[in-house]
Amino acid sequence: MLENECVRHISWLIPWVLATAALPARMTLGADLPDFAAVVSKVSAVVVNVSAVQPAGALAGDQAADGMDDDSADSYSDWYRRYFGSTPDADAQDDADGTDAAATESLGSGFIISKDGEILTNYHVVARAQSIRVKLSDRRVLAARIVGLDRQSDLALLRIHADHLTAASINTQPVRVGQWVLAIGSPFGFDHSVTAGIVSAEGRSIGGDQYVPYIQTDVPINPGNSGGPLFNLQGQVVGINAEIYSGTGGYQGVSFAIPMNLAMQVVRQLREYGHVTRGWLGVSIADVDTDLARKLNLPRPEGALVRSVTPTSPAARAGIRTGDVILNYDGMDIVSSESLPPLVGSTAVGHDAALTVLRGQHVDKLSVRVGRLPADATGTAETGERTTGRGFDALGLATRALTRDERNQFRVTQGGVVVEQVGPGAAQAAGVKSGDVVLMLAGTPVTGSGQLQRLEKQLPDRPVPMLIRRPDQTLFLAVRAGGA
């Protein structure tokens, strides 16, 4: 009898004990996970959809059907046109508003930065636009005008005629690797879509964008997210979603955002002048590799190696020489060469910057008066040389140098070659297309057609990455010299 009574008590206690034991774990788990819903409800009103009508023949700023097979691309194009291309009532709409029926429309995102109607988005979303419309969270659609554009930072400042708007809270402090962030935008035209992830790295340099130290995240970003805000868990904008690396045109785990400290520097100049002025030294630089660091008795590969100095430039007047290694710029250590251009570019023209330079075995202190970046200093000399008539290279490509207009279009500040034709070979098998800009092959920046051909001859018998830029995306393609 007593034994049965004990069994009944024990059987009653077991569920209670298990539930009590599990309660702290569930509470801890819930406490550790961020409350994305609270953040989204707090900030959604600042996010907008940006629609830009571009001249006939211009590529839409955020389209991404490239990188697919023909069947997939055709079905994608049909779907894309259904939602934001030539819709069934496009002709009637074009006749009504006076726009060209053959014009294309690109969709992107943006966010409100002032209560009286200032909006920040990407340059590539609105570049070459004939007209711009902004759709607010309350579904109002308003015409927007461009206040200023900055191609090198891929930023555009717009204004709409509205007031008493909800403006974003901006945080210009550096992000922390591993912190939670979330994006709100219009991927594929679906307004106010929310995705989340973490900061994967900071201070990244990609392609030819030497003035932007990108925030790298694993937040899913797709065509239409460009120009939208990247929020922290306090609902503050810490970045502007701008780039993806993809082999298919869709998200593959790596996204890039423009940090807000740089963005707000650009905004201030666009507000006042309508354009951005950048600092300039007049040096060509490269990374310090392990062998050179050993020869120079550096404890680790660091600094920016000066490859050349422009005559009569600020660097030349300050006494900087070819072969110098810049270790510190105005109090900031130069960990790698890619960290120097953003620092110089954001320096006020006329400022006397202090440099620490390793020359041979001696460390020197120099002072350089920062100059103004010349308008033509963002590209290499244009020779107009074409290789089409000379046949294809080892990968099956016919390439040439970029023109100034193409550098503006593709936002390539230096190096790179344009693919004029693609013949049978490894490049074609990898998905390279006519009109692509080749920026890098097997980890080495491409500076010209001749140098590209020399790199091709040194490729190993295995797939290597080729960095490609298109008007709508930046991506890596796997290229194998044997074409397999």
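The values are calculated or read from the model by the stated rules, or taken from the named source; none is laboratory data. Just so it is clear, the model here is predicted, and its values are computed rather than measured. As a convention, Cβ positions derive from the backbone with ideal geometry for all residues, glycine included, and neighbour counts pool all protein chains shown. The area values use the complete protein model at the heavy-atom level, side chains included, leaving out ligands, DNA and RNA. Shrake-Rupley method; radii C 1.70, N 1.55, O 1.52, S 1.80 Å.
Structure values in brief
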{"item": "Residue match in segment 424-437 (condition: under 26 Å from Ser106 (Cβ atoms), modelled with pLDDT of 85 or more, open to solvent by 70 Å² or more (accessible area, probe 1.4 Å) and out of contact with any Lys or Arg (no Cβ under 6 Å at 6 or more places or on another chain))", "result": "yes"}
{"item": "Hits in segment 146-175 - residues which are touching a His at 6+ places or on another chain (Cβ under 9 Å) and either without any contact (Cβ under 8 Å) to a residue 60 or more places away in the chain or of a type in the set (Gly, Ala, Ser) (or both)", "result": "Gly148, Ala156"}
{"item": "Near pairs, Cβ below 8 angstrom, 6+ apart or cross-chain, from segment 111-124 (under 15 Å from Ser44 (Cα atoms)) to any residue that is part of a strand (DSSP E or B) and charged (D, E, K, R)", "result": "Ile112/Glu118; Ile119/Arg159"}
{"item": "Lone unmet requirement of (1) in a strand (DSSP E or B); (2) of a type in the set (Ser, Thr, Tyr); (3) surrounded by 15 or more Cβ atoms within 10 Å (Cβ to Cβ) for Ser339", "result": "(1)"}
{"item": "Residues that are more than 14 Å from the chain's Cα centre (by Cα) and outside any strand (DSSP E or B), drawn from segment 138-160", "result": "Asp138, Arg139, Arg140"}
{"item": "Yes/no for Ala318 being crowded, with 16+ Cβ neighbours inside 10 Å, of a type outside the set (Val, Ile, Thr) and in contact with a strand residue (DSSP E or B) (Cβ under 9 Å, 6 or more places away or on another chain)", "result": "yes"}
{"item": "Options Val194, Val177: the member that is part of a loop (DSSP other than H, G, I, E, B), of a type in the set (Val, Ile, Thr) and open to solvent by 10 Å² or more (accessible area, probe 1.4 Å)", "result": "Val177"}
{"item": "Matching residues, segment 249-297, being crowded, with 21+ Cβ neighbours inside 10 Å, in a loop (DSSP other than H, G, I, E, B) and modelled with pLDDT of 85 or more", "result": "Val276, Arg278, Leu281, Gly282, Val288"}
{"item": "Among (1) in a loop (DSSP other than H, G, I, E, B); (2) open to solvent by less than 20 Å² (accessible area, probe 1.4 Å); (3) of a type in the set (Val, Ile, Thr) - the single one Ile184 does not satisfy", "result": "(1)"}
{"item": "Criterion: in contact with a Lys or Arg (Cβ under 7 Å, 6 or more places away or on another chain) and surrounded by 15 or more Cβ atoms within 10 Å (Cβ to Cβ) - qualifying residue of Arg470, Arg480", "result": "Arg480"}
{"item": "Unique match (being small (Gly, Ala, Ser) and at pLDDT 90 or above) among Ser169, Ser86, Ser106", "result": "Ser169"}
{"item": "Identity of the residue in segment 197-231, of a type in the set (Ser, Thr, Tyr) and part of a loop (DSSP other than H, G, I, E, B), that ends up surrounded by the fewest Cβ atoms within 10 Å (Cβ to Cβ)", "result": "Ser205"}
{"item": "Any hit, segment 462-469, residues being modelled with pLDDT of 85 or more and farther than 28 Å from Pro223 by Cβ", "result": "no"}
{"item": "Exclusive hit being among the polar types (S, T, N, Q) and buried (at least 21 other Cβ atoms within 10 Å of the Cβ), set Ser137, Ser131, Ser153", "result": "Ser153"}
{"item": "Residue count, segment 298-308 (criterion: small (Gly, Ala, Ser), open to solvent by less than 40 Å² (accessible area, probe 1.4 Å) and not in a loop (DSSP other than H, G, I, E, B))", "result": "1"}
{"item": "Breaking point among (1) closer than 23 Å to Arg204 by Cβ; (2) surrounded by fewer than 17 Cβ atoms within 10 Å (Cβ to Cβ), for Leu373", "result": "(2)"}
